Amino acid sequence: MKHKTLGIGAAVAVVVWYGWRELDQPVASAGRAVAKGGIAGKGVVRAGLSGKVERWPEFGTPEFGQVARERVEAWLASRGRDAAGLVGAWDMTGDEALLMEAADRFPGDPRVCVAMISNLRSSGEDASEWVDRLAAAEPQNPGALYLRAAAQHKAGAIEEAMATLKGAVALSGKLDLHQRDRVVTVREAALASGAGVREAALLPLRTSRIKTDVAYLSGAYRVVADGIKAAVAAGDTEEVVALAGISLGMLNQMAAVPGHGLFDQLFENGWRRSTLTAMPGETEYGDSGTTVSQQLELVEAHLSELKAAAVARESQRVAEWLEQASDAEVASYVDTFLIQGELEAIKMISEGGEQ
């Protein structure tokens with residue numbers, strides 16, 4: 001006999017409100033069309049900023065940082081050294097002075113907040129001040145609450161962390177860590193500073209300063225994962241399903257963000273699978289007409305796709321294709337990555353070229 005999620009009690013209703021979205025339902029914001037040289041029709045280079053194409057040193061070398069820092073100054077000046085420009089210039093060059101300037105001049109800008117959080121967390125420093133600023137700047141964006149919950153959990157404030165996550169999945173806004181804006185800005189800066197189309201397209205994917213969603217969500221995941229584990233051990237099915245609703249709600253907020261890398265997608269897939277595995281298999285999944293067990297089958301099928309893409313990437317097939325592809329094909333690959341994720345970009349290659 002199937003257990004209806006609506007029939008277990010009020011706590012279980014969170015699955016419907018927070019957690020329900022069929023896994024094969026397309027994300028509304030992801031389009032199939034890829035605009036060459038731009039992202040979803042947004043121009044990458046502003047009028048009058050295109051410069052002479054010059055060969056740049058190899059990315060990651062000290063020479064690259066020096067050349068990029070020198071060439072980005074004119075572009076920064078052209079836009080008044082604004083918040084987005086300063087963060088983008090830091091993303092491109094790694095010069096921390098640029099980020100500190102942005103933090104000093106624009107402490108309430110969410111892009112600056114996210115960049116400061118990344119920088120502080122990577123060096124093991126306390127980022128709570130910037131988490132609070134991000135929450136104040138974008139009160140409907142759940143990203144800051146995930147970070148806050150992770151910090152509360154680490155400090156042993158388990159109930160507070162869970163309450164924070166419940167608040168996060170109830171927000172009406174979209175999860176936005178401004179990765180896409182930063183990628184566009186880095187490409188614009190590179191093109192305006194003399195980089196070629198290929199260099200400018202690939203540069204944002206090469207810098208580790210533009211953090212992925214997983215870097216933000218993995219800590220918050222532990223909060224709900226530990227709660228589910230404890231509820232399973234206690235045999236409390238109602239609590240398991242209630243916490244699973246919060247977990248799935250977080251996953252759905254994450255899945256709605258465009259441009260996931262394979263690691264992000266594999267992490268999300270594993271997280272979704274562990275959440276569904278903890279639930280009674282015959283439980284009806286929201287009002288989708290499917291059971292939890294059937295949703296698990298979809299997760300496994302998606303995992304097979306992700307593993308195949310990972311094999312293609314690790315076998316250097318993607319690197320070889322990018323090396324031989326035209327500038328327009330490289331730009332199309334990167335745009336597909338940014339709009340639909342790395343899986344779709346790799347599938348584009350395996351299917352024989354641009355879509």
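So in the range 195-214, with the set limited to residues that are within 12 Å of the chain's Cα centre (by Cα) and part of a helix (DSSP H, G or I), which one is modelled with the highest pLDDT? Within the range 195-214, the match that is modelled with the highest pLDDT is 214. Taken over the range 301-346, the criterion of being more than 17 Å from residue 205 (Cα to Cα) and assigned to a loop (DSSP other than H, G, I, E, B) is satisfied by 315, 326. When you look at residue 144, is it under 30 Å from residue 77 (Cβ atoms), in a helix (DSSP H, G or I) and at pLDDT 90 or above, yes or no? So residue 144 fails the test.
Of the residues making up the range 104-113, none is on the phi < 0 side of the Ramachandran plot, in contact with a helix residue (DSSP H, G or I) (Cβ under 7 Å, 6 or more places away or on another chain), among the basic types (Lys, Arg) and not in a helix (DSSP H, G or I). Cβ separations smaller than 7 Å between residues 6+ apart or across chains give no pair from the range 313-328 residues that are β-branched (Val, Ile, Thr) to residues that are exposed (fewer than 11 other Cβ atoms within 10 Å of the Cβ). Looking only at the range 244-260, decide whether some residue is surrounded by 14 or more Cβ atoms within 10 Å (Cβ to Cβ), in contact (Cβ under 8 Å) with a residue 24 or more places away in the chain and at positive phi. Among the residues of the range 244-260, at least one is surrounded by 14 or more Cβ atoms within 10 Å (Cβ to Cβ), in contact (Cβ under 8 Å) with a residue 24 or more places away in the chain and at positive phi, which makes the answer yes. Does residue 223 count as over 30 Å from residue 89 (Cβ atoms) and crowded, with 19+ Cβ neighbours inside 10 Å? The answer is yes for residue 223. When the residues of the range 262-291 are filtered to those that are part of a loop (DSSP other than H, G, I, E, B) and surrounded by 19 or more Cβ atoms within 10 Å (Cβ to Cβ), the one that is modelled with the highest pLDDT is 279. The set of residues in the range 75-119 that are among the polar types (S, T, N, Q) and under 23 Å from residue 200 (Cβ atoms) comprises 78, 93, 118.
Would the range 172-188 turn up any residue that is over 28 Å from residue 340 (Cα atoms) and either surrounded by 20 or more Cβ atoms within 10 Å (Cβ to Cβ) or touching a Ser or Thr at 6+ places or on another chain (Cβ under 9 Å) (or both)? Looking for residues that are over 28 Å from residue 340 (Cα atoms) and either surrounded by 20 or more Cβ atoms within 10 Å (Cβ to Cβ) or touching a Ser or Thr at 6+ places or on another chain (Cβ under 9 Å) (or both), one finds none in the range 172-188, hence no. Pick from 298, 217, 248: which is part of a helix (DSSP H, G or I), in contact with a Lys or Arg (Cβ under 8 Å, 6 or more places away or on another chain) and at pLDDT below 95? None of the other options fit; the residue is 248.
The residues of the range 149-176 that are part of a loop (DSSP other than H, G, I, E, B) and free of Cβ contacts under 8 Å to residues at least 12 places away in the same chain, listed by number, are 155, 156, 157. Any residue that is more than 26 Å from residue 143 (Cα to Cα), in contact (Cβ under 8 Å) with a residue 40 or more places away in the chain and basic (Lys, Arg) - is there at least one of those in the range 202-209? The answer is no; no qualifying residue exists. Is at least one residue of the range 177-194 in contact (Cβ under 8 Å) with a residue 24 or more places away in the chain, more than 19 Å from the chain's Cα centre (by Cα) and not in a helix (DSSP H, G or I)? For the range 177-194, residues in contact (Cβ under 8 Å) with a residue 24 or more places away in the chain, more than 19 Å from the chain's Cα centre (by Cα) and not in a helix (DSSP H, G or I): present.
Is there a residue in the range 222-243 that is under 21 Å from residue 175 (Cβ atoms), in a helix (DSSP H, G or I) and of a type in the set (D, E, K, R)? Yes.
Across the range 278-293, the number of residues qualifying as among the hydroxyl-bearing types (Ser, Thr, Tyr), under 13 Å from residue 241 (Cβ atoms) and under 27 Å from the mean Cα position of the chain (by Cα) comes to 1. What about residue 211, is it more than 30 Å from residue 330 (Cα to Cα) and of a type in the set (Lys, Arg)? No: the conditions fail for residue 211. Scan the range 61-90 for residues that are within 28 Å of the chain's Cα centre (by Cα) and loosely packed, with under 13 Cβ neighbours inside 10 Å and the total you get is 1.
The values are calculated or read from the model by the stated rules, or taken from the named source; none is laboratory data. Nothing here was measured: the structure is a model prediction, and the numbers come from that model. Neighbour counts are summed over all protein chains in view; Cβ atoms, including those assigned to glycine, are modelled from backbone coordinates with ideal geometry.
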